[in-house]
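For reference, the structure is listed below as structure tokens.
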Amino acid sequence: MATSLVQVPEDIIFTILRFCFLPEYYALAMTCSVFNKLSQRRAYWIDALQGARLVAPIACTSHQDLSALSYDQLRKIASHTMRLKHNWSLSNPCIDGPVKVVALDPPDLDVIMQVPGTELYVLYSRFSGSVSAWDIGLGKRVSPEIYISRSLGDVSPGLDLPGKFSVALLTASSTEEDDRDNEIVIICLEYGLSRLEGRVKLSITFRHVLHPDLFYWAAILSHEFVGSLRRRIDPGGTTSRTHALEIVAINLKTRRETVIVTDLPLRVLDSASPSTDATMLDGEVFLLMESTYASRVVRCPGGYLPYDDNPEVPAIQTLRIMDTASTREWPKSPGYEISYAYSEGTLSTDDRYDFPAVSVQQITTTTALDSTPSFMPQDTDTGPMDEDEESSSILQIRFWGRPSRLQLDAGMQYLAAKRVVDIPGQLQDSPGDAQLMLLPHSGRQALLIVNSHGSINLVLVQGDCGPDEDPIKIIDVPSYIDLRDVFGLSLDDHRGTITLITMSGHLFAMPFA
């Protein structure tokens, strides 16, 4: 029997370490000579980082082969990840390093996607209708431009595979000169290629013409199919209220299309749930219908979808959802009465970290005089309030994710509301037509530009912080960046980089680790 740690076999120590988190690996390395010696080995940090990225992003790409990295590279990733975790835990995270400023050409470029853990972006020009890849580390475009459309209806969550990152785009013809049909298009950015291959390659990997008399929104993308929600358009260009909501999905290999017709009438959808979006969890499609006092979640089982192992899926299917939807009632919050509310929309992303969707409600309240809302974050200056001011605005952020074990044991098979956060204020109006809110690929936090009583702040809202930690973080922004001029946002929570694009055509990449 071992009487001291020195006598314990290393394989047993490494087995015990797999129950530890990254901060504990750091702490143990400084406790005694045994762990200090182990920490000088690559295996120690490979195990630490492999365990860490099971629960949160680390400072490299999602599919980085950690076993191929040197000891110094592993320590650098671990140190970067720890610094970012500490900075994000502060009420006012501060920039950690020089801000990269890139002059964009053309100046109307906006972010379509960013490859997590890299400095690679795909930017879109509304004027030319083209997309191109940019390396912000190099400060330049690194691919030819590819024409897509002068009007984009929606962008799907990213599909993250080893060495490539893809999104699906819903296009819409908006000008007489743009004679293309409405389409669903998948663009793919390959990276880590050889020098002869040009290091990166941006290409269109899928293109499918959409029905001209239907309105499409809420793009979804999986490894094997692409799709969206759709509704019919009546003569005159208005969306039909007499037909039902439909889900369309196309297999990427065979291009086999299936239409799933629900029993949800659009007149019910419009009156009860002004916002309906789609997300994916564990290979199934979920529809999230939001209203002020209730959220309805609808599940489309994987058996309805055109996966490769489901070749006999019918071209047209019927899905009854009215009687099977899960409804979450929202209690009235203490301290205020809701006078008006509407949905700003739902953001969806990958389900790897159990947060595939975040919905945002804009609420106008009537607050009792001389009362302070209980949701007011600490250390946030919202400006003076007039004595007779009774109304205020609130952004309610709802994080949706995988049900807990108790909910699963109780038979719940739907998305569950994991956290709800109220923020004083409203979304800042964009100089363009974009919404100034986004969800990074992990889905664990949301980034918004919020106007609260005239004070404009860049706000990070965390969905997975501890119960005693304030989920609202006011992000430090350099004084030379005017948030009123920002029309594009991006957040890479692997490296901790927030990107802002202004109307002047400048991209600012701000590091927080």
Taking the dipole of the chain about the Cα centre (Lys, Arg +1; Asp, Glu -1; charges at Cβ), the one of Ser343, Gly158, Leu395 that reaches farthest to the positive side is Gly158
Between the modelled labels at Ser128 and Asp181 (7 Å from Cα along Cα→Cβ) the distance in nm is 2.7 nm
Taking every other residue with Cβ under 13 Å from the Cβ of Asp105 and scoring Lys and Arg +1, Asp and Glu -1, one gets 0
Using the Kirkwood radius over Cα pairs of the stretch 403-513, the Stokes-Einstein translational diffusion coefficient at 10 °C and 1.306 mPa s, in µm²/s and rounded to a whole number, is 102 µm²/s
In the chain, whole DSSP H helices that both stretch 20 Å or further along their axis by alpha carbon positions and average at least 1.6 on the Kyte-Doolittle scale are none
CD proxy, 222 nm, the chain: helix-only mean residue ellipticity via -39,500 (n - 2.57) per DSSP H run with n ≥ 4, per residue, nearest 500, stands at -3500 deg cm²/dmol
Flagged as over-length at 21 Å C-alpha distance, from Lys140/Lys201; Lys85/Lys140; Lys76/Lys473; Lys164/Lys473; Lys85/Lys201; Lys164/Lys253, the pairs are Lys85/Lys140; Lys76/Lys473; Lys164/Lys473; Lys85/Lys201
Out of Gly463, Thr292, Tyr480 - ranked by how far each Cα lies towards the positive end of the dipole of the chain, with unit charges on the beta-carbon of charged residues - the top one is Gly463
HN-Hα couplings for the stretch 202-219 via Karplus (6.51, -1.76, 1.60; θ = phi - 60°), in whole Hz with x for Gly/Pro, come out as 9, 8, 8, 9, 7, 8, 9, 6, 9, 5, x, 9, 10, 9, 10, 7, 6, 5
Note, the stretch 139-146: 3J(HN,Hα) by Karplus (6.51, -1.76, 1.60, θ = phi - 60°), whole Hz, Gly/Pro = x, goes x, 7, 6, 10, 8, x, 6, 10
Percent relative contact order for the stretch 63-189, counting Cα pairs under 8 Å at least six residues apart, stands at 15 percent
Non-local residues with an amide H under 5 Å from the amide H of Ser291, with H modelled 1.01 Å from N and Pro and chain starts lacking one, are Arg296
In Å, the Kirkwood hydrodynamic radius from C-alpha pairs for the stretch 1-134 sits at 17.8 Å
Cα extents of the chain per principal axis, largest first, Å, are 81, 65, 54
Here the net charge surrounding His211, from other residues whose Cβ is less than 12 Å away from its Cβ (Lys, Arg +1; Asp, Glu -1), is -2
Probe 1.4 Å, all chains present, heavy atoms only: His80 accessible area in Å², nearest 10, is 40 Å²
At the level of C-alpha centres, the distance separating the stretch 304-331 and the stretch 77-155, in angstrom, is 35 Å
Quick calc: nm separation of the 7 Å Cα→Cβ label points for Lys201 and Leu483 -> 4.2 nm
Counting only DSSP beta bridges fully inside the chain, the antiparallel percentage to nearest 5 is 95 percent
With +1 at each Lys and Arg Cβ and -1 at each Asp and Glu Cβ, the charge dipole magnitude of the chain around its Cα centre, to the nearest 20 debye, comes out at 1740 debye
Highest mean packing first, using Cβ neighbours within 10 angstrom, the peptides 121-129, 220-228 sort as 220-228, 121-129
The answer for Met322, listing residues at least 5 apart or on another chain whose modeled amide H is closer than 5 Å to its amide H, is Asp263
Magnitude of the Cβ-charge dipole (Lys and Arg +1, Asp and Glu -1) of the stretch 58-134 about the Cα centre, nearest 20 debye, reported as 280 debye
Whole-Hz Karplus couplings 3J(HN,Hα) for the stretch 123-132, θ = phi - 60° and coefficients 6.51, -1.76, 1.60, Gly and Pro as x, run 10, 10, 9, 5, 5, 8, x, 10, 10, 8
Counting only residues 5 or more apart in sequence or on a different chain, those whose built amide H sits under 5 Å from that of Gly463 are Gln445, Ala446
Charge dipole of the chain built from unit charges on the beta carbon (Lys, Arg +1; Asp, Glu -1), centred at mean Cα; most positive-end Cα among Asn36, Ala416, Tyr121 is Asn36
The size of the Cβ-based charge dipole (Lys, Arg +1; Asp, Glu -1) of the stretch 456-513 about the Cα centre, to the nearest 20 debye, is 280 debye
Label model pair Asn310, Thr327: point-to-point distance (7 angstrom along the Cα→beta-carbon line) in nm is 2.7 nm
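The values are calculated or read from the model by the stated rules, or taken from the named source; none is laboratory data. In this text, all values refer to a predicted model and were calculated from it rather than measured experimentally. For neighbour counting, all protein chains shown are included, and Cβ atoms are generated from backbone atoms with ideal geometry for every residue, glycine included. Protein only, heavy atoms only, side chains kept; ligands, DNA and RNA dropped before computing areas. Shrake-Rupley method; radii C 1.70, N 1.55, O 1.52, S 1.80 Å.
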